[in-house]
Amino acid sequence: MPKISVEIPGELLDDLDEHVGDDGKFVNRSDAVRASIRKTLDVLDEIDARHDRLDDESAESAADPADPAGGDDE
């Protein structure tokens, strides 16, 4: 899995850390960031689908909330 480096404000990192760890929703920061990216991309796909800016396959994935991976099972 490729690694990336991102600079974020300390306040945003503090907010993220509140959701990470034994009492949080995520095991580690990487899991939290991946989940956030997936959610953001799903929302953007839904917006694009409403404005007819997606191809047919992407529009079907955005319209299917039961498919959190976006139809990329292969």
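Work out how much length Ser5 to Asp42 would gain on full extension: take 0.36 nm times their residue separation and subtract the Cα-Cα distance, in nm to one decimal. Show your work: numbers first, answer last.
On the way: separation 37, 0.36 × 37 = 13.32 nm, distance 2.21 nm.
Once the chain is fully extended between Ser5 and Asp42, it gains 11.1 nm.
In sequence order, what are the phi-derived ³J(HN,Hα) couplings for region 25-41 according to the Karplus relation 6.51 cos²θ - 1.76 cosθ + 1.60 with θ = phi - 60°, rounded to whole Hz, with x for glycine and proline?
Result, rounded to whole Hz: 7, 10, 5, 8, 4, 4, 4, 5, 5, 4, 4, 5, 4, 4, 4, 4, 5.
Read the figures in this text as sums done on the coordinates, not as results from a lab. The structure presented is a predicted model; accordingly, all values stated were derived computationally and were not measured.
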